[in-house]
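Working notes, beginning with the structure itself.
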Amino acid sequence: MSQELKTLEFAKIYESQGYYKDAFEIYLFLDAKETSNEIKAGLNRMEKRMEEEGQEIHSEENISGLFEKWLMLLVLKQRLDTFKKIKARRL
């Protein structure tokens with residue numbers, strides 16, 4: 001969708017028609033340009049609606065959080081493997 005069509009009015013229209021993912025993307029775009037209570041409220045509504053319908057939300061914040069968790073799990077796995085090696089040597 002072109003940037004000219006990413007307006008608050010279009011987000012509200014998509015939301016009213018049940019196109020929550022499209023509305024969510026527009027709200028995200030608008031939030032990056034300018035933050036307002038109305039845009040934040042729209043983002044929150046879309047997140048709740050999409051979760052209720054089982055749609056996944058892939059905002060940058062969500063992806064970065066998942067990546068951070070993945071890295072932490074990777075580090076913990078390496079530590080566990082190291083402890084297992086140390087334990088095996090001591091026996």
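Could you tell me whether residue 41 is surrounded by 14 or more Cβ atoms within 10 Å (Cβ to Cβ) and assigned to a helix (DSSP H, G or I)?
It is false that residue 41 is surrounded by 14 or more Cβ atoms within 10 Å (Cβ to Cβ) and assigned to a helix (DSSP H, G or I).
Suppose we filter the stretch 3-21 for residues that are acidic (Asp, Glu) and at pLDDT 90 or above; how many remain?
2
Mind checking which pairs have a first residue in the stretch 6-22 that is in the same structural domain as residue 46 (by TED's automatic domain parsing) and of a type in the set (Val, Ile, Thr) and a second that is in a helix (DSSP H, G or I) and at pLDDT 90 or above, Cβ under 8 Å, 6 or more apart or different chains?
7/26; 7/30
Please pick out the residue among 87, 48, 77 that is modelled with pLDDT of 85 or more, of a type in the set (D, E, K, R), assigned by TED's automatic domain parsing to the domain that holds residue 17 and not in a loop (DSSP other than H, G, I, E, B).
Exactly one residue qualifies, and that residue is 48.
Mind listing whichever residues of the stretch 7-22 are surrounded by 13 or more Cβ atoms within 10 Å (Cβ to Cβ) and either within 17 Å of residue 52 (Cβ to Cβ) or within 19 Å of the chain's Cα centre (by Cα) (or both)?
11, 14, 15, 19, 20, 21, 22
The values are calculated or read from the model by the stated rules, or taken from the named source; none is laboratory data. Only a predicted model underlies this, so the values are computations on that prediction, with no experimental measurement involved. Because the Cβ atoms are built from the backbone with ideal geometry, glycine has one as well, and the counts that use them run over all protein chains shown.
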